[in-house]
Amino acid sequence: MAQVTRPVTKFSYREYECLPNDGFQHEIVDGEHYMSPAPATKHQKVSRKIHFQLYSQIEMKNLGEVYNAPTDVELGDHDIVQPDIVVVLLEQLAIITPKKILGIPSLVIEILSESNRRFDQVLKFDLYQRSGVPEYWIVDTASESVQQFVLVDGRYVDAGTHCKSIAPKSIAGVEVNLVEAWN
């Protein structure tokens, strides 16, 4: 007897748009739906402080645009995420549509929560790497550190763990004071 398998349907942006607006974070990775509860207050505070510094140094100087969650980023037909912070540089502003970011941003930042550590460190790491996101930061509020990864020949290279300050590799003259972000 032959084994009968059900066809696997991968979610796309069309299905994603039908998900409930219920206060949870909904994302699609490789066509699979993932849901996370709202972030903790410390997570949001650190996100706001990093976002503000990047906004002041990038957007206010007309180098690009900086977005915070929830902003949809469609990296492919079956990959729709809402990173905590997204940077799109001036030369790629065409990927910003009225509804979402449709393409590969310059920098993606995820802030770990107890409920999403593996998701950000493994699944999203792999997604951002295979999608070609040039730089990925993983912010750990518990250890007050940021792991910086830079894409080299299609693979992420660990560019260090930072506790006091961090500078994007692809954006000259920009630096985030992490000490300010932790307080």
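If you take the residues in the stretch 133-153 that are touching a Phe, Trp or Tyr at 6+ places or on another chain (Cβ under 8 Å) and closer than 20 Å to P39 by Cα, which one is surrounded by the fewest Cβ atoms within 10 Å (Cβ to Cβ)?
E144
How many residues does the stretch 14-53 contain that are farther than 18 Å from V73 by Cα and assigned to a helix (DSSP H, G or I)?
11
I'd like to know if the stretch 50-63 contains one or more residues that are in contact (Cβ under 8 Å) with a residue 24 or more places away in the chain and over 16 Å from V176 (Cβ atoms).
The answer is yes, given that some residue of the stretch 50-63 is in contact (Cβ under 8 Å) with a residue 24 or more places away in the chain and over 16 Å from V176 (Cβ atoms).
Out of the stretch 102-123, which residues are part of a strand (DSSP E or B) and either surrounded by fewer than 22 Cβ atoms within 10 Å (Cβ to Cβ) or free of Cβ contacts under 8 Å to residues at least 24 places away in the same chain (or both)?
L102
If the requirement is being surrounded by fewer than 16 Cβ atoms within 10 Å (Cβ to Cβ), at pLDDT below 85 and more than 22 Å from D126 (Cβ to Cβ), which of these qualifies: R6, R48, R14?
Result: R6 is the single residue among R6, R48, R14 that is surrounded by fewer than 16 Cβ atoms within 10 Å (Cβ to Cβ), at pLDDT below 85 and more than 22 Å from D126 (Cβ to Cβ).
Tally up the residues in the stretch 129-160 that are polar (S, T, N, Q) and part of a strand (DSSP E or B), please.
Residues that pass the stated criteria total 3.
Please enumerate the residues belonging to the stretch 55-76 that are part of a loop (DSSP other than H, G, I, E, B) and under 17 Å from the mean Cα position of the chain (by Cα).
Listed by number, the residues that qualify are A69, P70, T71, D72.
Here's the yes/no breakdown for (1) modelled with pLDDT of 95 or more; (2) over 25 Å from V174 (Cα atoms); (3) touching a Cys at 6+ places or on another chain (Cβ under 8 Å):
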| site | (1), (2), (3) |
| --- | --- |
| A69 | no, no, no |
| L89 | yes, no, no |
| I95 | yes, no, no |
| I101 | yes, no, no |
| P105 | yes, no, no |
| S113 | no, yes, no |
| R117 | no, yes, no |
| Q121 | no, no, no |
| K124 | no, no, no |
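When you scan the stretch 77-101, how many residues do you find that are in a strand (DSSP E or B) and in contact (Cβ under 8 Å) with a residue 24 or more places away in the chain?
9
I101 fails exactly one of the following numbered conditions: (1) closer than 20 Å to K42 by Cβ; (2) β-branched (V, I, T); (3) more than 11 Å from the chain's Cα centre (by Cα). What is the number of that condition?
(1)
If a residue has to be at pLDDT 90 or above and hydroxyl-bearing (S, T, Y) to count, how many in the stretch 26-45 make the cut?
Looking only at that region, the number is 1.
I want to confirm something. Restricting to the stretch 162-177 and keeping residues that are in contact (Cβ under 8 Å) with a residue 60 or more places away in the chain and of a type outside the set (D, E), which single residue is farthest from Q92 (Cα to Cα)?
It comes out as N177.
The values are calculated or read from the model by the stated rules, or taken from the named source; none is laboratory data. Owing to the predicted nature of the structure, the values given are computational and were not obtained by experimental measurement. Backbone-built Cβ (ideal geometry, glycine too); neighbour counts: all protein chains shown.
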